[in-house]
1. Looking only at residues in region 161-177 that are in contact with a helix residue (DSSP H, G or I) (Cβ under 7 Å, 6 or more places away or on another chain) and assigned to a strand (DSSP E or B), which one is most open to solvent (accessible area, probe 1.4 Å)?
2. Quick test for you: out of THR521, THR576, THR527, pick the one residue that is over 22 Å from ASN422 (Cβ atoms) and polar (S, T, N, Q).
3. Could you tell me whether any residue of region 670-682 is of a type in the set (Asp, Glu) and assigned by TED's automatic domain parsing to the domain that holds LEU444?
4. Just to be sure, is TYR739 within 19 Å of ASN603 (Cβ to Cβ), in contact with a helix residue (DSSP H, G or I) (Cβ under 9 Å, 6 or more places away or on another chain), in a helix (DSSP H, G or I) and open to solvent by 60 Å² or more (accessible area, probe 1.4 Å)?
5. Starting from residues that are of a type in the set (Ser, Thr, Tyr) and in contact (Cβ under 8 Å) with a residue 24 or more places away in the chain, keep the ones in region 642-689 and report whichever is farthest from TYR513 (Cα to Cα).
6. Would you point out which residue out of GLU631, GLU623 is acidic (Asp, Glu), open to solvent by less than 60 Å² (accessible area, probe 1.4 Å) and not assigned by TED's automatic domain parsing to the domain that holds ALA382?
7. Mind listing just one residue for me: the one in region 153-179 that is without any contact (Cβ under 8 Å) to a residue 12 or more places away in the chain and more than 27 Å from GLN122 (Cα to Cα) and, of those, farthest from the chain's Cα centre (by Cα)?
8. I'm told GLN560 meets every condition in (1) open to solvent by 20 Å² or more (accessible area, probe 1.4 Å); (2) free of Cβ contacts under 8 Å to residues at least 60 places away in the same chain; (3) under 15 Å from ILE493 (Cβ atoms) except one. Can you identify the failing condition by its number?
Amino acid sequence: MELRELLAQITEERFHLTPEKCGNRQLYTALLALTQHLTEKRPAPAVARKLYYFSAEFLMGKLLDNNLLALGIHGQVKELLAKMGKDLSEVEDAEPEPSLGNGGLGRLAACFLDSIAALGLQGDGVGLNYHYGLFHQKFEGNKQVETPDPWMEDDSWLIPTGTVFTVPFGGFELKAVLRDIAIPSAYCDRANRLHLFDVEEPAQPPESGIDFDKTDIAHQITSFLYPDDSDEEGRLLRVYQQYFMVSAGAQLILKELEERGFAPDELAGHAVVQINDTHPSMVIPELIRLLMEKGLSMDEAIGQVERTCAYTNHTILAEALEKWPLAFIEKVAPQLTPIIKELDKRARKVSGNPAVAILDEDGLVHMAHMDIHYGYSVNGVAALHTEILKKAELKAFYALYPEKFNNKTNGVTLRRWLEACNPELTALIDGCIGADWRQQPEKLEGLLAYGNDGQVLGRLLAVKQAAKVRFCGQLEAAQGIALDPQSVFDVQIKRLHEYKRQQMNALYVIDKYLEIKAGQTPERPVTVIFGAKAAPAYVMAKHIIHLILCLQRLIENDPQVRPWLRVAMVENYNVTWAERLIPAADISEQISLASKEASGTGNMKLMANGAVTLGTLDGANVEIAELVGPENIFTFGAHSDRVIRLYDAKGGERYRALDYYHTPKVERLVDFLLSPELLAVGDPLALAALWRDIKGKDWFMALLDLEEYIAVKDQAVRQYAGREAWARKMLVNIAKAGYFSSDRTIRQYNEDIWHLS
Ligand code: 26V
């Protein structure tokens, strides 16, 4: 049937209307149904070994646009709607964004599902169906306020499966109901699935805010992603969530193994489990338990599982490496405690070093340690990150199991992060080098031939300018802030965390503010744009948001400064906002304290859209710098080895914030937090707490790199004025972004770890 007829049939059945008479919302649900119908017919890829990608987060973003592209009908649908006087992008505005993730780890999982399907590999995601997501962010009184983010509607991408598993908790059981989201392949007539587990009777959203009864496990377990863990009830709830996810997921794996005609002792030959950070680590003891229930001995069960599971580390921040009290696991899933004790006993036979034990003397279970002993692969997510794991954080493990360690530098799907979010740039690229780069992203390097082509460089600048103008319209409609599209768009979009150093960027803003007040204007007007959510219990992160919003307010009210310097913080930053903002960015802020950012993936998306990186030599920035060369990136700051030495208690040189504070420039910038101007718009207690912390502690060393950061950023803004030379930098960045396609990353996972076909 023709698309037009199919659409007409759906709108007639649902609304008794022709598509022409439908509103955008009705058209959205009709196109959702049409897409689901076409995807349903696609079989899963058939290969010997099937991947299960376990993750607490899948930050999928809206799916209509992506799925229309994958089905190859995006152009047709757009045209069809245009003939009816409708605009596909307005129809897409009606789609809610699934709120199933927090940051890079969750978005990486979504890019990976897209690439796994694109490459025709058989691999499904396994996670939880959170009803109210992380949270919806609002700004009130220059502060972040959290509310639930209910994204599920009657018409949604979730497909009921009828599959239900029983998850046995200490003292009670819960049914885990499975719903799927289809992941159609962009290049073959196949589809994979994201499996999301839910309870039978989910709770209603909280009346106000995001507080709820954290002891009501039966109804609340799938309410929120990362419920507040600042109290014991919250931490227990996280363990309940994790066990719910992995027990149901492990049961699914064994059910599918049986359906495919294999015996439990053939698990490792036919399934691989990728453990995305430590949230799913209990899948290891749970699979062992279930295999023993099916008749395997402990030795056999462990043997299968250690050839099935592989672990990816996404962070070296000590506070983010999960350690759960064994007593929590005893309460949540008592059937796992004897298995974990046995795993610990066996690990202690491999090494007597207490640093690699699973259970420590405080009764804490080190989840990553369990993954490393009982998985066959351990990978970091950028070259530098993997080296730091081997040399520092996981040194003792690397000595034990050098063959398990490998690097898989992250990537992003250029289908969403270039083709879909920036059709104008895509058209320009296609016009220069053809369309082959979609499946062979390294072919983007063909753009390098246009480095001296004034016409192409001019068009590149025009495409960027148009994206900036478009973004200004979107921001004004949402938040009533009208930005100047002629200014330099300096963009920092990522989770709010002290190690990412949004506070250092705020200190740059203060520096420019004071200069302009003193009559010294920058080469070009600059707009510093932020997007970030702070974890609800992370007090210092919330203070930093407060500082940024106060600076935004202060400058908006100042007619002397406003023409030269603006600050804009996007409310409820999410995938949809990223898709609007990334095409519009001139400068990509990647300024984490060297050694702390495992990889970063926003850095990759921004370079692919022609933003020039201003960054430290951290995470994947190192690889970006090597690829684009020193003329096409602005780097600054202490190197990772020095930073690691500064943290080392035994080292000679220790970092003391006060030493860096006591320079005439830095002191003035930091003390501005307590200036009458800022106190007039801000909360004195919050600003004073932040001031005290930066001056007296500054754990992530913003002051260490501050002066060099300001100098290099000034230089970037000056260079921006030389438009053609800047356009050449943009071009080189786009040309070199092919390496950061997640298709490349997934090929490497498959070749080195998964061996799916
Ligand atoms: C952190 C937090 C912070 C407080 C709220 C709860 C919570 C839960 C998990 C985590 C760990 C976050 C791990 C993570 O997102 N890592 C990021 O992974 C990206 C993909 O590999 C990588 O690009 C980023 O550098 C890394 O920070």
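The values are calculated or read from the model by the stated rules, or taken from the named source; none is laboratory data. Everything quoted here is computed from the prediction, not taken from an experiment. FYI the Cβ positions are ideal-geometry reconstructions off the backbone, even for glycines, and counts take in every protein chain you see. Note: areas computed on protein heavy atoms with side chains; ligands, DNA, RNA excluded. Shrake-Rupley method; radii C 1.70, N 1.55, O 1.52, S 1.80 Å.
1. As a first pass, look at region 161-177 and keep what is in contact with a helix residue (DSSP H, G or I) (Cβ under 7 Å, 6 or more places away or on another chain): 165, 167-170, 174, 176.
Then drop every residue that is not assigned to a strand (DSSP E or B), which leaves 165, 167-169, 174, 176.
Working: PHE165: 19, VAL167: 0, PRO168: 37, PHE169: 12, LEU174: 21, ALA176: 0 Å².
Applying the filter and picking the extreme gives PRO168.
2. Working: THR576 fails: over 22 Å from ASN422 (Cβ atoms); THR527 fails: over 22 Å from ASN422 (Cβ atoms).
Only one candidate qualifies: THR521.
3. Narrowing region 670-682 to residues of a type in the set (Asp, Glu): 671, 677.
Among the residues that remain, those that are also assigned by TED's automatic domain parsing to the domain that holds LEU444 are: 671, 677.
Yes, region 670-682 has at least one match.
4. On the way: within 19 Å of ASN603 (Cβ to Cβ): yes; in contact with a helix residue (DSSP H, G or I) (Cβ under 9 Å, 6 or more places away or on another chain): yes; in a helix (DSSP H, G or I): yes; open to solvent by 60 Å² or more (accessible area, probe 1.4 Å): yes.
Yes, satisfied.
5. TYR655
6. Details: GLU631 fails: open to solvent by less than 60 Å² (accessible area, probe 1.4 Å).
Checking each option against the conditions leaves just GLU623.
7. Ranking the qualifying residues of region 153-179, first place goes to GLY171.
8. (3)
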